[in-house]
1. Consider A:Ala118 carefully, then state whether it is more than 22 Å from the chain's Cα centre (by Cα) and either part of a helix (DSSP H, G or I) or modelled with pLDDT under 70 (or both).
2. Quickly run through region A:151-170 and pick out the residues that are free of Cβ contacts under 8 Å to residues at least 12 places away in the same chain and either under 16 Å from A:Leu192 (Cα atoms) or of a type in the set (Ser, Thr, Tyr) (or both).
3. Name the residues in region A:20-54 that are farther than 17 Å from A:Arg91 by Cα, basic (Lys, Arg) and either within 8 Å of another protein chain (Cβ to nearest Cβ) or assigned to a helix (DSSP H, G or I) (or both), would you?
4. Would you tally the residues in region A:55-92 being under 18 Å from A:Asp147 (Cα atoms) and assigned to a helix (DSSP H, G or I)?
5. Considering only region B:44-51, I want to know if a residue exists there that is surrounded by 14 or more Cβ atoms within 10 Å (Cβ to Cβ), away from every other protein chain (no Cβ under 12 Å) and either assigned to a helix (DSSP H, G or I) or of a type in the set (Asp, Glu) (or both).
6. Somewhere in region A:72-82, is a residue more than 13 Å from chain B (Cβ to nearest Cβ) and in contact with a Phe, Trp or Tyr (Cβ under 9 Å, 6 or more places away or on another chain)?
7. Got at least one residue in region A:10-19 being in a loop (DSSP other than H, G, I, E, B), at pLDDT 75 or above and more than 24 Å from the chain's Cα centre (by Cα)?
Amino acid sequence: MLRAVDVGQVASRVAQRPTGRMQDASDEELVALIGGGDRRAYHVLVERHGRRVLGLARRMTRNLAEAEDISQDAFLRVWQKAAEWQPRGARFTTWLYRVVVNLCIDRRRKPSFAPIEAAGDPADSRPDAEQTLVAVERDRHVKAALDALPERQRAALVLSYYEGLSNVEAAGALELSVSALESLLVRARRALRQELQGRGVETATKEEP
Amino acid sequence: MTPSTTTAVMPIERLTQILAAYGASPQRWPEHERAAAESLRARILAAGSPQERAMLAEALREADGLDDVLSGLSAEVPDAAVARLTAALAFPPAHAPKRSWTVFGLVHAVLRPSAAFAATMAALGIVLGLSVDPAYSSGDGSDYTVAQTADASPADALLDGLSLDGNDLNSNGDAAP
């Protein structure tokens with residue numbers, strides 16, 4: 001009953017906006033509507049965050065097929081748990097990223113998991129592709145080095161560096177304090193640098209600023 | 001809560017810590033410390049002591065170098081993958097999303113005594129040789145009763161049988177005190 005009143009209020013608020021479009025609703029409003037079983041709100045949310053969720057899962061797993069499975073699981077959880085979700089000052093995306101990261105970590109712990117993209121792209125043997133080959137080789141090492149990081153360190157790096165989350169958001173997604181996130185990031189970057197140096201990849205700029 | 005912007009002079013150790021954690025790009029630095037960190041970086045580069053300059057230069061070289069390596073790694077998500085995801089989620093499961101914990105807690109509070117009563121009555125019924133319809137029993141002692149239907153899966157029954165107002169339990173007749 002309480003939820004029905006909330007959903008009605010949210011639906012009314014969204015409809016009364018100048019555009020009256022579902023696409024203009026905030027994430028939190030969409031989640032409230034989804035909690036009431038609104039499929040249109042669900043589709044808007046999937047369209048809004050689908051690419052980013054796929055990107056995060058792909059960076060975490062380095063396997064597009066796995067990333068697609070994980071993204072589906074994550075959004076199905078949104079559908080199933082929307083009615084239970086309580087913002088408590090947190091953004092919806094923080095919760096969504098937490099779900100994705102946890103699913104990725106769970107998936108990678110399974111023995112059958114294999115990051116098929118780890119093999120890298122096939123080498124291009126054309127003479128004019130030497131520069132491309134160098135870049136491809138370096139990317140291969142970077143991917144392997146990222147893959148060698150402990151799960152939580154990689155998650156922190158992906159959220160902070162690639163996904164552009166603020167330290168507060170990334171800490172929320174990993175259920176850490178900001179200072180703990182910062183320590184994790186320092187360890188991640190240090191470990192990554194050592195791993196790359198072990199593979200002969202230069203990780204410090206040569207010129208002084 | 002977002003911390004307020006730090007205006008005090010930042011020690012160089014904090015700046016090097018920020019570089020080690022977040023990299024060389026200020027846009028990734030903690031928002032509330034960004035201005036102070038940028039100010040300190042500029043001051044040291046312009047007029048810092050040789051020791052400060054060396055310390056900052058080393059931290060910047062490492063941070064910038066790793067950023068450069070990381071930035072080269074492309075992870076474009078193919079449009080086809082996004083389309084597949086959207087299509088796969090076009091028809092979420094038919095059942096309604098679960099009710100909120102607030103409502104669940106209300107049901108919990110309302111039904112719990114009755115469920116205990118039902119279990120007691122069921123046990124009494126067995127002792128007295130009375131017939132008890134299993135559809136009215138809470139079975140595993142859960143906090144709500146589940147109405148068994150011929151065409152519903154156990155999961156559906158669990159969701160659909162969850163009464164928000166306790167009518168299901170009351171309709172069972174036997175369980176109502």
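The values are calculated or read from the model by the stated rules, or taken from the named source; none is laboratory data. As the structure is a computational prediction, the values presented were derived from the model and not from experiment. Here the Cβ positions follow ideal geometry from the backbone for every residue, glycine too, while neighbour counts run over all protein chains shown.
1. Values: more than 22 Å from the chain's Cα centre (by Cα): no; either part of a helix (DSSP H, G or I) or modelled with pLDDT under 70 (or both): yes.
Spelling it out, it is not the case that A:Ala118 is more than 22 Å from the chain's Cα centre (by Cα) and either part of a helix (DSSP H, G or I) or modelled with pLDDT under 70 (or both).
2. In the first step, residues of region A:151-170 are kept if they are free of Cβ contacts under 8 Å to residues at least 12 places away in the same chain; the result is A:161, A:164, A:166, A:168.
Hits for region A:151-170 are A:Tyr161, A:Ser166.
3. Of everything in region A:20-54, those that are farther than 17 Å from A:Arg91 by Cα, basic (Lys, Arg) and either within 8 Å of another protein chain (Cβ to nearest Cβ) or assigned to a helix (DSSP H, G or I) (or both) turn out to be A:Arg39, A:Arg40, A:Arg51.
4. Taking region A:55-92 and keeping what is under 18 Å from A:Asp147 (Cα atoms), we get A:55-67, A:70.
Subset that is assigned to a helix (DSSP H, G or I): A:55-61, A:64-67, A:70.
Residues that pass the stated criteria total 12.
5. No.
6. Of region A:72-82, the ones more than 13 Å from chain B (Cβ to nearest Cβ) are none.
There is no residue in region A:72-82 that is more than 13 Å from chain B (Cβ to nearest Cβ) and in contact with a Phe, Trp or Tyr (Cβ under 9 Å, 6 or more places away or on another chain).
7. Filtering region A:10-19 down to residues in a loop (DSSP other than H, G, I, E, B) leaves A:16-19.
Applying the additional criterion that residues be at pLDDT 75 or above yields none.
Scanning region A:10-19 turns up no residue that is in a loop (DSSP other than H, G, I, E, B), at pLDDT 75 or above and more than 24 Å from the chain's Cα centre (by Cα).
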